[in-house]
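Report on the structure given below.
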Amino acid sequence: QVQLVESGGGLVQPGGSLRLSCTASGNIFAIVAMGWFRQAPGKQRELVARVNRGGGTDYADSLKGRFTISRNGPLNTVYLQMNSLKPEDTAVYYCNLMGYSDYRNMVDVWGKGTLVTVSS
């Protein structure tokens, strides 16, 4: 079973930067996409950014220009570079993996989340 481990969250002042990392490990047949979602208390989980197997990326429109997703070659690790952070970016950020556990069965795997707090 695949496992996702996130790191890089913490406390940062408005205007600052953080880089989140997510590494996948375990027995996975194929990875289709990896990315980041976030959820603040009382709010719905939302897509932040995602990169697919072919290298294509998908961002929340409001975050384009501030957040950048990248990956290593095998797509077992993804990064989220967050710049010009605002208090409204405060949330738990979750790594997500979509793939196949075998040739037929899809999987949707989530990390435990890493807390990002933007405050002065």
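The values are calculated or read from the model by the stated rules, or taken from the named source; none is laboratory data. What you see is a predicted model, and the numbers here were worked out from it, not measured in a lab. Note that we place each Cβ from the backbone using ideal geometry, even for glycine, and neighbour counts take in every protein chain shown. What goes into the accessible areas is simple: the full protein's heavy atoms, side chains included, and nothing from ligands, DNA or RNA. Shrake-Rupley method; radii C 1.70, N 1.55, O 1.52, S 1.80 Å.
Looking at region 16-70, which chymotrypsin sites (Phe, Trp or Tyr not before Pro) are DSSP coil and have at most 15 other C-beta atoms within 10 Å of their C-beta? Answer in residue order: 29. For Rg and Dmax of the Cα atoms in Å, the value computed from the atomic coordinates appears in the list (i) 14.1, 49; (ii) 13.2, 40; (iii) 13.5, 44 under label (i). How much of the DSSP bridge set in region 28-76 is antiparallel, in percent, rounded to the nearest 5? Just about 90 percent of them are antiparallel.
With both residues required to sit in the chain, DSSP beta bridges show an antiparallel share near 90%. Mean sequence separation of contacting Cα pairs (under 8 Å, at least six apart), scaled by the length of the chain, corresponds to a relative contact order of 37 percent. Counting only protein heavy atoms and using a 1.4 Å probe, the accessible area of residue 50 comes to about 60 Å².
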